[in-house]
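Let me begin by presenting the structure, written as structure tokens, before commenting on it.
The values are calculated or read from the model by the stated rules, or taken from the named source; none is laboratory data. The structure presented is a predicted model; accordingly, all values stated were derived computationally and were not measured. So basically every Cβ, Gly included, is an ideal-geometry build from the backbone, and we count neighbours across all protein chains shown. All accessible areas refer to the heavy atoms of the entire protein, side chains included, with ligands and DNA or RNA removed. Shrake-Rupley method; radii C 1.70, N 1.55, O 1.52, S 1.80 Å.
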Amino acid sequence: MLNSLLSRRALQQAARRGIHTRRKMKNPYNIPQALLANLPKKKVRANENMAPPDPEQYPNSVVTSAHAIDVANGKLSVEDSAAVSPTGSVVHGTYGDLGDAAAAIPLEYLALLRPAAEGAAAVRAVGDKPGTLLVFGVSEASGMTAMQLASDAGHTVVGVVGANHAAHDNMNEYVKAMVPEPGTAVAESYALCKKAFADLVGSISSGDEGLTKYSAAECLEEFKENLLAYAETYPETMPAAVDASKLKFIGMEKDKDEFKTNMEAYLAQYPPGAPAIDKQKLEAYFNTEQYEIFRSKFWQQTTDVISGDESHHFSPPHIVDDLVKTPGSVDNYDGAGDTFPYAFSPSNAAYAAEDKVKAGGPIVGAIIVVTPTLEAAAKAIDSAKGMRAKGEALQFLTVSQKDAFRAARSVAALAQAAGAPVYTVGGSLPGLSTVEVTDADVKTAVAGMDIQDDGTTKLNYFVQVYRANDFPFYGDYAIHRASEELAGPRQIVVTK
């Protein structure tokens, strides 16, 4: 009886499969077999007090296949599917028997093998020379594969998240976190601003972040100009540092007393006006050392305001006036230093060393994932003959189609201007090359999906699994979800 209970529980545990579960475990300890024979063996007796399984618990059925969604035909995909054969091997709907290499890979991942192989083929076509690689549709399965394999190969990736996924909360940040620096990922709307996108790619590829370095003297001169302008706008003769229009009374005479009473409480929340600043004395006595002292006192005043200390009023111009009348010694004040992260110090302006900024290298290519909106826009424009017809076709595109076309064109234009190739995956676009998938690309994708002994994988995806093996109606529901206008950023996979 005990043996039958143990066997039943083992079967139930083996049947519960999901993402990052294996059909075949690897040996986590690479110990020679000759040593294993000499190691002491601990005999464990079965726990006789183990409770029998709950008869009310629903027994999960064994997962034997996983399918992506064929949105065009409204059904589960046969080509993008992976199933366990009677012999225990995994058979893919497009590439056939995958052999022992896929023994430890979840079926949910293998259902994405075709777009993964297309992404691997595009990275192979770009070449091994490290550089900056542009990827449009980086949140799609093929684009995410290209991004991860290219980063692993030493490329710097600048990805563009399509509008169908960019609107999802935090999706841009998730993808950006997967791209190693100095690479990054931006939303499709950013790529629409061609100049801004070109500047971003240029700064990443060259390593020049475009940060202007200012000396302490330059910062001091700008500070003095702003101070004099502030003192002229809000003089000490005003009850508070507010616009003069706020002090005018516009109303009936009987309300004037109430206005003054309320105005005093209203003005109390603002700092007082600035004292008269003598420009000549300011130039003579307020140097970079006094500016450093001013910043230390300004930080203290700011701290008092934040902590609710009302014993001192907040008025930076009065600090400058006191320092002009009685200059202090910088030795008595702590500068920015390491105590104030990201704070500017006039006496110790520190900038990142140029040799520490990693350059992505020249643009080596672009990979464009053909999304449904991009494909529809490209076909409509290409089928139109003549400039007038193309303009009319462009005018009648939907907003999402226009944006997808413009963003993809922005990515392709940068690569073409640099003399780099542009490849499409997941479909074809007029005038651009499509890479053929080889057996080596399939093996590269399978190897990237393989889960290592530490639980990590080279390729990771956002997958939403519908277990139709337990609840058959989930299959139809998954097709409905994938066919929606905005199906979400995850790859929908159905298990059976």
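Over region 77-118, what relative contact order in percent results from Cα pairs under 8 Å that are six or more residues apart?
Details: 48 pairs, mean separation 15.5, N = 42.
In percent, rounded to a whole number, it is 37.
Could you list the GluC sites (Glu not before Pro) in region 207-301 that lie in coil according to DSSP, counting only those with at most 14 other Cβ atoms within 10 Å of their Cβ?
GLU209
Quote the relative contact order of region 380-480 in percent (integer), defining contacts as alpha-carbon pairs under 8 Å separated by 6+ residues.
10 percent
What percent does the relative contact order of region 51-138 come to when contacts are Cα pairs within less than 8 Å and at least six residues apart?
It rounds to 20 percent for region 51-138.
Ordered by residue, what ³J(HN,Hα) values in Hz, to whole numbers, does region 361-372 give under the Karplus form 6.51 cos²θ - 1.76 cosθ + 1.60, where θ = phi - 60° and Gly and Pro are x?
Ordered by residue, 3J(HN,Hα) equals x, x, 5, 9, x, 9, 10, 10, 7, 7, 7, x Hz.
First measure r as the distance between the Cβ atoms of ASP304 and LYS194, then evaluate 1/(1 + (r/R0)^6) with R0 = 41 Å and state the FRET efficiency to the nearest 0.05.
It comes to 0.30.
Would you please put 362-368, 377-383, 110-116 in order of how densely packed they are, using the mean number of other Cβ atoms within 10 angstrom per residue and starting with the highest? If you can, show how the numbers build up before the last one.
Values: 362-368: 24.6, 377-383: 17.3, 110-116: 26.9.
Put in order of decreasing packing, that is 110-116, 362-368, 377-383.
Could you let me know the centre-to-centre spacing of region 256-294 and region 464-490, using Cα atoms, in angstrom?
After rounding, the separation between the Cα centres reads 64 Å.
Under 5 Å between amide H atoms, partner at least 5 residues away or on a different chain: which partners does THR424 have, H built in plane at 1.01 Å?
For THR424, whose amide H was placed from the backbone, the distant partners under 5 Å are ILE368, SER433, THR434, VAL435.
Roughly how many percent of the accessible protein surface of region 266-324 is carbon and sulfur, given a 1.4 Å probe and a whole-percent answer?
Numbers: 1750 of 3330 Å².
Heavy-atom surface of region 266-324 belonging to carbon and sulfur, 1.4 Å probe: 52 percent.
With every protein chain present, what accessible area does CYS193 have (1.4 Å probe, heavy atoms only), rounded to the nearest 10 Å²?
So the heavy atoms of CYS193 present about 80 Å² to solvent.
When the dipole is taken about the Cα centre of region 119-195, and only Lys, Arg (+1) and Asp, Glu (-1) are charged at their Cβ, what size is it in debye, to the nearest 20?
Computed about the Cα centre, the dipole is about 300 debye.
Would you kindly derive the ³J(HN,Hα) couplings of region 72-88 from the backbone phi angles with the Karplus curve 6.51 cos²θ - 1.76 cosθ + 1.60 (θ = phi - 60°), listing them in order in whole Hz, with x for Gly and Pro?
For region 72-88, the Karplus-derived couplings read 4, 9, x, 8, 6, 6, 8, 5, 9, 9, 9, 9, 8, 7, x, 7, x Hz, x marking Gly and Pro.
Assuming R0 = 45 Å, can you tell me the calculated FRET efficiency for the pair ASN60 and ALA376, based on Cβ-Cβ distance, to the nearest 0.05?
Efficiency, rounded to the nearest 0.05: 0.65.
Report the rotationally averaged projected area of region 72-218 based on its alpha-carbon convex hull, in square nanometres.
Approximately 12.7 nm², given one-decimal rounding.
Got a number for carbon plus sulfur as a percent of region 405-446's accessible area, 1.4 Å probe?
51 percent
Return the whole-Å distance between the Cα centroid of region 197-237 and the Cα centroid of region 80-116.
57 Å
What FRET efficiency, computed as 1/(1 + (r/R0)^6) with R0 = 60 Å and r the Cβ-Cβ distance, is obtained for ALA417 and GLU258, rounded to the nearest 0.05?
Approximately 0.35, to the nearest 0.05.
Exactly which chymotrypsin sites (Phe, Trp or Tyr not before Pro) in region 185-285 are in a DSSP loop and have at most 10 other Cβ atoms within 10 Å?
Answer by residue number: there is no such site.
What's the ranking of 90-99, 442-451 by average number of surrounding C-beta atoms within 10 Å, highest first?
The densest-packed peptide leads the list: 442-451, 90-99.
Could you list the GluC sites (Glu not before Pro) in region 43-122 that lie in coil according to DSSP, counting only those with at most 14 other Cβ atoms within 10 Å of their Cβ?
Values: sites: GLU48, GLU56, GLU79, GLU108, GLU118; in loops: GLU48, GLU56.
Answer in residue order: GLU48, GLU56.
What does the highest-first list of 402-410, 468-476 look like by mean Cβ count within 10 Å?
402-410, 468-476
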